[in-house]
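*Asks:* Shown below is the structure under consideration.
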Amino acid sequence: MTIKKTGANDIETLMQIRLEMLRVVNKLNDGESFSDELLECSREYFLNGDQTTVFAMDGDQIAGCATLSYINIMPTFDHPTGKRAHLMNVYTRAQFRRRGVGKMMVEFLIEEAKSRGVTEISLDATQMGHPLYKSLGFNDNGEGMNLIL
């Protein structure tokens with residue numbers, strides 16, 4: 001299993017796996033459509049947003065994906081760079097689950113965040129993902145989870 005950063009040339013595959021993930025997480029049928037606004041804004045974000053998205057690759061198959069969205073706020077005593085990030089869309093395809101795929105992607109993105117001077121990563125965890133994030137040092141903060149770097 002390898003981790004690959006995505007780029008503009010991956011946009012169609014990114015859109016496909018994002019919609020797959022949204023269908024699974026939101027328990028939608030294959031026939032249900034997404035709004036044009038969601039599709040356009042997602043495409044724009046992947047092309048121009050301040051983010052790092054990765055694929056977990058098993059040979060030439062995509063096993064999963066994850067995105068780290070960067071946020072700049074006013075620096076504080078605890079976060080002197082003002083650089084924070086929000087972990088989103090951590091998704092492992094069913095046939096690859098329980099093999100450490102999600103952990104590999106999140107660990108890669110944590111290191112990416114550190115290299116960019118990020119001092120805190122937040123996320124909104126599903127029940128299924130909660131144990132993974134706890135094992136990586138994320139803490140419950142009442143609204144989601146966070147990791148102080």
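*Asks:* In sequence order, what are the phi-derived ³J(HN,Hα) couplings for region 60-69 according to the Karplus relation 6.51 cos²θ - 1.76 cosθ + 1.60 with θ = phi - 60°, rounded to whole Hz, with x for glycine and proline?
*Replies:* Here the 3J(HN,Hα) series is 9, 9, 7, 8, x, 8, 7, 10, 10, 9 Hz.
*Asks:* Ordering 45, 70 by accessible area with a probe of 1.4 Å, largest first, what comes out?
*Replies:* Values: 45 80, 70 30 Å².
From most accessible down to least: 45, 70.
*Asks:* Counting only protein heavy atoms and a 1.4 Å probe, tell me what percentage of the chain's accessible area is made up of carbon and sulfur.
*Replies:* Working: 4330 of 8640 Å².
That share works out to 50 percent.
*Asks:* Between residue 95 and residue 38, take the C-beta separation as r, use R0 = 25 Å, and let me know the FRET efficiency to the nearest 0.05. Intermediate results must be reported in sequence, preceding the final value.
*Replies:* On the way: r = 26 Å, r/R0 = 1.05.
My answer for the efficiency is 0.40.
*Asks:* Here's something else I'd like to know. State the three equivalent ellipsoid semi-axes of region 45-114, derived from the C-alpha gyration tensor as the square roots of 5 times its eigenvalues, in descending order and whole Å. Numbers along the way, then the final one.
*Replies:* Details: eigenvalues 150, 33, 14 Å².
Equivalent ellipsoid semi-axes, largest first: 27, 13, 8 Å.
*Asks:* Expressed as an acute angle from 0 to 90° and rounded to the nearest 10, what is the orientation of the C-alpha long axis of helix 11-25 relative to the principal long axis of the chain?
*Replies:* Helix 11-25 and the main axis of the chain meet at about 90 degrees.
*Asks:* Sorted by accessible area (1.4 Å probe), largest first, how do 41, 65 line up? Display every interim value, and only then the final one.
*Replies:* Working: 41 80, 65 10 Å².
Order by accessible area, largest first: 41, 65.
*Asks:* Here's a follow-up. To test your reading of the geometry: what angle, between 0 and 90 degrees and rounded to tens, separates the Cα axis of helix 36-48 from the longest principal axis of the chain?
*Replies:* On a 0 to 90 degree scale, this one is about 50.
*Asks:* Evaluate the Debye formula for the chain with equal point scatterers sitting on the alpha carbons, no solvent, and hand back log10 of I(q)/I(0) at q = 0.11, 0.12, 0.19, 0.21 Å⁻¹, in q order, two decimals.
*Replies:* Values returned for q = 0.11, 0.12, 0.19, 0.21 Å⁻¹ are -0.43, -0.51, -1.27, -1.47.
*Asks:* Next up: Taking the Cα centre of the chain as the origin, how large is its charge dipole in debye, to the nearest 20, when only Lys and Arg (+1) and Asp and Glu (-1) carry charge on their Cβ atoms? Spell out each step's value before the answer.
*Replies:* Numbers: 16 positive and 20 negative charges, 121 e Å.
Rounded to the nearest 20 debye, it is 580 debye.
*Asks:* What ranking of 134, 4, 27 comes out by heavy-atom accessible area, probe 1.4 Å, highest first?
*Replies:* Correct descending sequence by accessible area is 27, 134, 4.
The values are calculated or read from the model by the stated rules, or taken from the named source; none is laboratory data. In this text, all values refer to a predicted model and were calculated from it rather than measured experimentally. In this analysis, Cβ positions are derived from the backbone assuming ideal geometry, glycine residues included, and neighbour counts consider all displayed protein chains. When the accessible area is computed, the model is the full protein with side chains, heavy atoms only, and any ligands, DNA or RNA have been set aside. Shrake-Rupley method; radii C 1.70, N 1.55, O 1.52, S 1.80 Å.
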